[in-house]
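The structure appears right after this line, and notes come after that.
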Amino acid sequence: MASLRVATSSEVHEFICYITRDIMVDPVLAMDGHSYERSAIERWYETHTTSPVTNENIGKTLVPNHNLRKMIQDWQVAKEKFENDIGELAGRLFNASSIEKALDYVRRMSSLIESIDLVDPMMLNKCKKATVADDAVLEGDVQVALEALVVQCEAKMLEGEEKLRREAEEKVLREAARARNEELYEACKESALTEVCTALEVDGGVDVNYRGDGGRTPLYWASTKGHVDVVRHLLSVKDIQVNQARDDGVTALFMASQKGHVDVVRLLLGAEGIEVNQADNDGTTALYMASQNGHVNVVRLLLGAEGVEVNQAMNDGVTALYMASQNGFVEIVRLLLSPIAADIFNLGAEGVEVNQAGDDGVTALLVASREGHVEVVRLLLGVEGVEVNQVDNDGITALRIASHQGHIDVVRLLTDAGAN
């Protein structure tokens, strides 16, 4: 019996190049996610810029698919060994010196056939040939066993054909589903509300959480583009995953906040289960992005969301207050520092940590002083408990950096506040 497993029908299908329809020898992975015979796909690219499978434009980068090549080679070795083993047993059967030996060979052939997924017609022919052989040893009990072996082969062949048929049908269904999902995906990118409604209502259904390039979803695109009506329609769909993120952790709320799409942010914050503090792989949140980009009304909405963590920092320790201070967004800094912000925006008794520093020790006051943002510095100095002489990792204070940069008005404010 073969020591290597013979591949299943579905696996063998993956070994076949879509272009040549033959088993691949040198498989390479193209940018559409499919593998092809290298020479075939290189010839294809000489006259095409699209994928042979999806018909979409793709780049021409090819990566050797070493894992698939190894699987094909293992399959070929196992297939050859299996064919040799079954052939050897059939030969011994025809030359069996006793009924006992003949029955043993039939049993071993049966076990070998049972161990594989597909039966070659050659095996069936050998079994049928044995049943009509003019040999006394192959009569009686052996004849019965051989006839049973023929039935086993025929059943295996029918089973394999049925499995291939089911796999073909499933592939058609998968491709149809992918096409429907792509229609929804593209419609959301283009704000085509009518097409979005049609895609969501089509027979056979559609995956509203379908992940396209980089893990982007229909909701991601609609939110990024500011398509309010499309976002509203998507949020009405059962099982919509409002917090589903791109591969790098970026969500629909993150992008709408970064872009300043106020109405979209309002809709998303009203969605059941929305995670207002969900961060991307760098630790960046929606509040951080809105503060960095100066979107006052978005910041106001986010601060009003239940459970918002105003002091949540990126992986490098930088916060929303830091970014608003660095970029001189006075109104956002005022929102974050308002004496009644803790009550209005559910920030808790302590509110914003004005002295919170990044990994480099730089605080909001220090960065605002460095950039010369006078009104921001004034606001920060008005917060009870602000550490006017706090230093960064290099021992530099706000007063020193402001003096070095020549920001006279900032230096005056810091000095009046007790900086030294």
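Evaluate the following for Val298: is it under 21 Å from Val262 (Cα atoms), modelled with pLDDT of 95 or more and under 36 Å from the mean Cα position of the chain (by Cα)?
The answer is yes for Val298.
Please count how many residues of segment 40-86 are in a helix (DSSP H, G or I), small (Gly, Ala, Ser) and under 29 Å from Glu175 (Cα atoms).
1
What number goes with the only condition from (1) outside any loop (DSSP other than H, G, I, E, B); (2) buried (at least 17 other Cβ atoms within 10 Å of the Cβ); (3) of a type outside the set (Lys, Arg) that Gly91 does not pass?
(2)
If I ask for residues that are surrounded by 14 or more Cβ atoms within 10 Å (Cβ to Cβ) and of a type in the set (A, V, I, L, M), which ones from segment 190-220 would you list?
Ala192, Leu193, Val196, Ala199, Leu200, Val206, Val208, Leu219
For residues that are at pLDDT below 90 and over 16 Å from Asn55 (Cα atoms), scanning just segment 21-44, find the one that is surrounded by the fewest Cβ atoms within 10 Å (Cβ to Cβ).
Only one residue tops the list, namely Arg21.
Out of everything in segment 67-82 that is free of Cβ contacts under 8 Å to residues at least 60 places away in the same chain and within 15 Å of Ile16 (Cα to Cα), what residue ends up being surrounded by the most Cβ atoms within 10 Å (Cβ to Cβ)?
This residue is Ile72.
Out of the residues in segment 366-420 that are part of a helix (DSSP H, G or I) and among the acidic types (Asp, Glu), state the one that is surrounded by the most Cβ atoms within 10 Å (Cβ to Cβ).
Glu371
Leu103 - would you say it is modelled with pLDDT of 80 or more, in a helix (DSSP H, G or I) and out of contact with any Asp or Glu (no Cβ under 7 Å at 6 or more places or on another chain)?
Taking the combined requirement at face value, the residue does not satisfy it.
The values are calculated or read from the model by the stated rules, or taken from the named source; none is laboratory data. Keep in mind it's a predicted model, so treat the numbers as computed, not measured. Positions of Cβ are generated from backbone atoms using ideal geometry, with glycine treated the same way; all protein chains shown enter the neighbour counts.
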